[in-house]
1. Evaluate the relative contact order of the chain (contact order divided by residue number), counting alpha-carbon pairs under 8 angstrom at least 6 apart; express in whole percent.
2. Could you work out how far the C-alpha centroid of the range 153-223 sits from that of the range 101-150, in angstrom?
3. Return the loop-located trypsin sites (Lys or Arg not before Pro) in the range 274-318 (DSSP other than H, G, I, E, B) with at most 16 other Cβ atoms within 10 Å of their own Cβ; answer none if there are none.
4. Suppose every K and R has +1 on its Cβ and every D and E has -1 on its Cβ; what is the size of the dipole of the chain about the Cα centre, in Debye to the nearest 20?
5. Taking only protein heavy atoms into account and a 1.4 Å probe, give the accessible area per residue of the chain in Å².
6. Roughly speaking, what is the stretch gain from ALA39 to GLU112, that is 0.36 nm per residue apart minus the C-alpha to C-alpha distance, in nm to one decimal?
7. Please list, ordered by chain and number, the residues whose modelled amide H lies under 5 Å from the amide H of ALA262; skip anything fewer than 5 residues away on the same chain.
8. Given a 1.4 Å probe and every protein chain left where it sits, what share in percent of the accessible area of the range 156-297 is carbon and sulfur?
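The values are calculated or read from the model by the stated rules, or taken from the named source; none is laboratory data. The shown structure was predicted, so the numbers you read here are calculated from the model rather than taken from an experiment. Virtual Cβ from ideal backbone geometry, glycine too; neighbours counted across all protein chains shown. Areas reflect the complete protein model, heavy atoms only, side chains present, ligands, DNA and RNA absent. Shrake-Rupley method; radii C 1.70, N 1.55, O 1.52, S 1.80 Å.
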Amino acid sequence: MHAFGSVAPLFADQTMHLSVAAVLAGSAEGAVYVDDIAAPRLAVLEGPEGYYIGRDTSSAAARGGIDEIIPPWAYVYAPPQEEHGIPSTAQIYPCMLRHPRVCLTLDLSRWEAPPTPHGNDYLVEVTSEGVSILKETGIVAWCRRDVILHERAEIGVGTSAAFRRLGLAKHAAAVYLQFLQGEGIRSVGWHCHLSNRGSRRLAESLGFIPLRQYYAFSASLPAENPGDLETSELEAFGHHFAEAATNVNWLDFHAAAAYAQAGRTDLALTCLERLVTGNWQGQASWLVAHWALAPLAGEPRFQACVTEQAQRRKVPAV
């Protein structure tokens, strides 16, 4: 399989991740790192959706050198044979936590588009890359291809906060699925956090069926919408990231996100104040734009953090 033929068997049980197959086939940008180029037993694949670890199931799980390849802010998919074991080869840094994800699949060769009514006030644009639904203000909902390889595809959807619950993401996905069907695509995958009930319901309303649950590791909040996680879960994430931030200051960003969603405003603001005074290299706009920090928007301490970070990151005029 291209130049990665000797590595492919290490990822044989990760076929539900189309990114893996696409990188190995040379049709998607990526890289593969191995422990032994002549007889690899452990491999790290860097693909468009994150990092994947593959290993020889008959060998012990080695970890040496992986932290030289995968940065602590990466999104790492665990080898299936290690999904229920802690520690895992994929838990490269103590700040990373395991969280469940789900893969759904659709047999597009037998699919019929469901009715997706929408108003005439929207413009629908279709390209090979995906579908955009626009209003005067710009794109308000979309469906994009993540990966396409031969007769398989993976897609993702999104909707601007002010336009949710109007069926627009479903309409965008249905239009794009029809396009892919016409292009000869026969199977489509859909991946999301297990906590993202809205994404799962949307996929199932389009005809997708759950294929399997799996696990990933990251040093970020495993949620994409308010209400995805319980308050106790959010508080646990906040505490974990705040503790880890004593060594890695950017983790205060994720601690603040978790605390803000848990309603622990004071703790969230304390984390942000520590973040912006700790030489954080992020942009002030990241604070304003992140959905999980929205509950802090009206707080003077939050506005002070935004202002201070903007001043710290200002590039001097040349």
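1. Once divided by the residue count of the chain, the mean separation gives 14 percent.
2. Result: 9 Å between the Cα centres.
3. Sites meeting the loop and neighbour criteria: ARG313, LYS314.
4. Values: 24 positive and 33 negative charges, 95 e Å.
Approximately 460 debye in magnitude.
5. 49 Å²
6. Numbers: separation 73, 0.36 × 73 = 26.28 nm, distance 4.63 nm.
Extra length available between ALA39 and GLU112 comes to 21.7 nm.
7. Correct list: empty.
8. Here carbon and sulfur together make up 50 percent of the probe-accessible area.
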